[in-house]
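Trainee: Sharing a structure with you now.
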Amino acid sequence: MQPSSGDAKRGASRQLRRYGPIAGVLVVIAVIAVLVTLGGGDGDDEPEAEDSQTAPVDIGPGDDVVPYSYALEEGFADEIEWGDNCDTDAGRIKIPTTLVVDCFKPFDGDNGGETEQGVTGETIDVVFYQSNPSDLLLQALFDLIGNDDTNEQILATIHNYINMYESLYETYGRKVNLIPFEGTGIATDEVSAVADAETIARDYTPFMVVGGPLLNAAFAETLAQNGIMCVACNPGRPDSWYVERDPYVYGVSLSSSQTREHVAEYVCKRLAGDPAIHAGDADFHDDERVFGLITTETGPESVEMNDLFVDLLQDCGVDLAEVLTYTDATTDLPNTVTGMVSKLKASGVTSLIFLGDPVAPQLITTTATEQEYFPEWILTGSALVDTTAFARTYDQQQWAHAFGPSGLWARQPIEEEGSYFLHEWFCGFPPPADETSGVIIAPMAILYNVLQGVGPDLSYQRWRDVLFTAPPVESTVVSPYLSYGDRGLWDTTDFNGADDMTEVWWDPEASGPDERGQEGNGMYVYVDGGTRYLPGEWPETDPKVFDDDGAVLIYEEPPEGLELPDYEPPEHPACERA
């Protein structure tokens, strides 16, 4: 059973259901191909905009924007010809996803033409950022997990997803004009990031940019300064950072501050004051947990986030014995890791919290084993560390004692659901970029689902306010709770989608497919079948980790009630094979 948030967080509001008609937004949280669905469910009170810079606009169903669920509720659904792509028996678009994607009334009127920059009566200009093929840092990262997708394959795949959405969704007479843009620098280079954003603003002035150099925020910052919206274009930032750039920057995963709030709650409620019974060193099993932290420090915002985490822990009486930082896993960490592990060992740290990138644990775990130091490893859901693909690259003697919160969710075979499955369903063959199809589909899924709710009068403010008034998505064991705006979950307006986490542990003996479908040894195990928790909901009982009762490695069959509908793909232009 899923944990409940109470009426204050998930209360029904018939009025909001009229003003939040978006259903079925598919969002990816990780570079690995994993899928969630935004749709269905009941809403909350209409969000306020006290801490945002833009005022709400008048949104909701009208003559042009009519979702099937609203027409059915109001009693006039039978008066509309919904078209071949609408399953009126089920009240959804004929797309095989687990949650309902609302049909919208077919549009044949005047869409207003140039309603916003980058928008005409026929097109919506969208710049698609692709990383520089010469970026050795990203290449090394992808090589670790065998990701060999090329920019050409990625571009073909995104064109196919656009083809799919435009064959099924209502876009009010417009089609996406996709403009590929290859970055000029490496992912950490702020100078090239600023230059790239300025080039896009000057030469293209698009409605939206999707993607960006995800290891620095200068790209998104510069786009916002130029009044251009971007989605999934920057690394995690504090909630306040997004509010200051309203309405131009949107994320899809938990923000940096939201993640830290979850982890602090987990540590305070489930771990603090108890013995470190899951440590690799048996001598720690009778000792009350002593916590240490290894995290990145790359600028003022990361310092702010680290200070926030320390303060959150201190609020519940947890003082960190050591707080150790590094700036880059490939440059400074190799020179400091030996000393870092020595400090942790000398300070008696039994439980090591890791908040960093997915490459660093390789070196840290190897060094810890060399020094015969075997603590508990407390996961935090940070940067792909909680993916099976990366965890298989860590020292398994160490990672056998890793557990904690994860922003991901219990998995299913990639051939049975998600981005890979949708591409094969629509095109008849796997995505050309089979390793990264999930991250490719994410922004396009957001774009087309929000377009349906916005209607013909497409603008940044309407985009923001339709997204912010869309009913939150109820979580399942295979998808997270997802919402934007002011829902009572966080202290500030939420510009990031996912809100909840689950609990996992690492089993080095388990075997099966990773997130890319690659078979191997070692897998994350999901506690209680993948039960998820919103902030404030973590139980105060002991973690149920390293306990097979109710645990799940992967759902070989869809969980009950989450079976995919069986639809034939629509007729469409031929897909690209790259």
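The values are calculated or read from the model by the stated rules, or taken from the named source; none is laboratory data. Just so we're clear, the structure is a prediction, and the values are computed from it rather than from any experiment. For neighbour counting, all protein chains shown are included, and Cβ atoms are generated from backbone atoms with ideal geometry for every residue, glycine included.
Trainee: Looking at (1) more than 30 Å from ARG392 (Cβ to Cβ); (2) in contact with a Ser or Thr (Cβ under 8 Å, 6 or more places away or on another chain); (3) at pLDDT 90 or above, can you tell me which one THR502 breaks?
Mentor: With (1) more than 30 Å from ARG392 (Cβ to Cβ); (2) in contact with a Ser or Thr (Cβ under 8 Å, 6 or more places away or on another chain); (3) at pLDDT 90 or above applied to THR502, the lone miss is (1).
Trainee: Can you tell me which residue in the stretch 502-540 is nearest to ILE277 (Cα to Cα), limited to those that are in a loop (DSSP other than H, G, I, E, B) and among the polar types (S, T, N, Q)?
Mentor: At the first step, the residues of the stretch 502-540 found to be in a loop (DSSP other than H, G, I, E, B) are 514-518, 531, 534-540.
Add one more test, that the residue is among the polar types (S, T, N, Q), and what stays is 518, 531.
On the way: GLN518: 32, THR531: 23 Å.
Out of the qualifying residues, it is THR531.
Trainee: Residue pairs, Cβ under 6 Å, 6 or more apart or interchain, first in the stretch 293-315 and in the same structural domain as ASP332 (by TED's automatic domain parsing), second at pLDDT 90 or above and charged (D, E, K, R). List them.
Mentor: As it stands, the answer is LEU308/ARG260; PHE309/ARG260, since those pairs meet every condition given.
Trainee: Another one. In the stretch 387-410, what residues are touching a Phe, Trp or Tyr at 6+ places or on another chain (Cβ under 9 Å), closer than 9 Å to PRO358 by Cβ and at pLDDT below 95?
Mentor: THR387
Trainee: Could you look through the stretch 524-568, keep only residues that are under 26 Å from GLN258 (Cβ atoms) and of a type in the set (Val, Ile, Thr), and pick out the one that is surrounded by the fewest Cβ atoms within 10 Å (Cβ to Cβ)?
Mentor: Filtering first and then ranking leaves THR541.
Trainee: Conditions: (1) part of a loop (DSSP other than H, G, I, E, B); (2) in contact (Cβ under 8 Å) with a residue 60 or more places away in the chain; (3) hydrophobic (A, V, I, L, M, F, W, C). TRP241 meets all but one. Number of the miss?
Mentor: Single failed check for TRP241: (1).
Trainee: Right, here's the next one. Do the conditions hold for LEU363, that is, is it in contact (Cβ under 8 Å) with a residue 40 or more places away in the chain and either out of contact with any Lys or Arg (no Cβ under 9 Å at 6 or more places or on another chain) or surrounded by fewer than 22 Cβ atoms within 10 Å (Cβ to Cβ) (or both)?
Mentor: Working: in contact (Cβ under 8 Å) with a residue 40 or more places away in the chain: no; either out of contact with any Lys or Arg (no Cβ under 9 Å at 6 or more places or on another chain) or surrounded by fewer than 22 Cβ atoms within 10 Å (Cβ to Cβ) (or both): yes.
Taking the combined requirement at face value, the residue does not satisfy it.
Trainee: Find all pairs meeting these conditions: Cβ atoms under 6 angstrom apart; at least six residues apart or on different chains; first residue within the stretch 388-415 and assigned to a strand (DSSP E or B); second residue of a type in the set (Val, Ile, Thr).
Mentor: Cβ pairs passing all conditions: PHE403/VAL545; GLY404/ILE378; PRO405/VAL263; SER406/THR502; SER406/VAL504.
Trainee: Do you know which of the residues in the stretch 299-351 that are at pLDDT below 95 and β-branched (Val, Ile, Thr) is nearest to THR366 (Cα to Cα)?
Mentor: THR330
Trainee: Check SER257 against each of (1) at pLDDT below 90; (2) in contact with a helix residue (DSSP H, G or I) (Cβ under 7 Å, 6 or more places away or on another chain); (3) not in a loop (DSSP other than H, G, I, E, B) and name the one condition it does not meet.
Mentor: Looking at each condition in turn, SER257 falls short on (1).
Trainee: Next question, about the same structure. Name the residue that is surrounded by the most Cβ atoms within 10 Å (Cβ to Cβ), counting only residues in the stretch 457-478 that are among the hydroxyl-bearing types (Ser, Thr, Tyr) and closer than 21 Å to GLY407 by Cα.
Mentor: Filtering the stretch 457-478 down to residues among the hydroxyl-bearing types (Ser, Thr, Tyr) leaves 459-460, 469, 475-476.
Subset that is closer than 21 Å to GLY407 by Cα: 475-476.
Working: SER475: 25, THR476: 20.
The residue in question is SER475.
Trainee: Taking into account only those residues within the stretch 179-193 that are crowded, with 18+ Cβ neighbours inside 10 Å and of a type outside the set (S, T, N, Q), which is farthest from HIS423 (Cα to Cα)?
Mentor: Going through the qualifying residues, I end up with ASP189.
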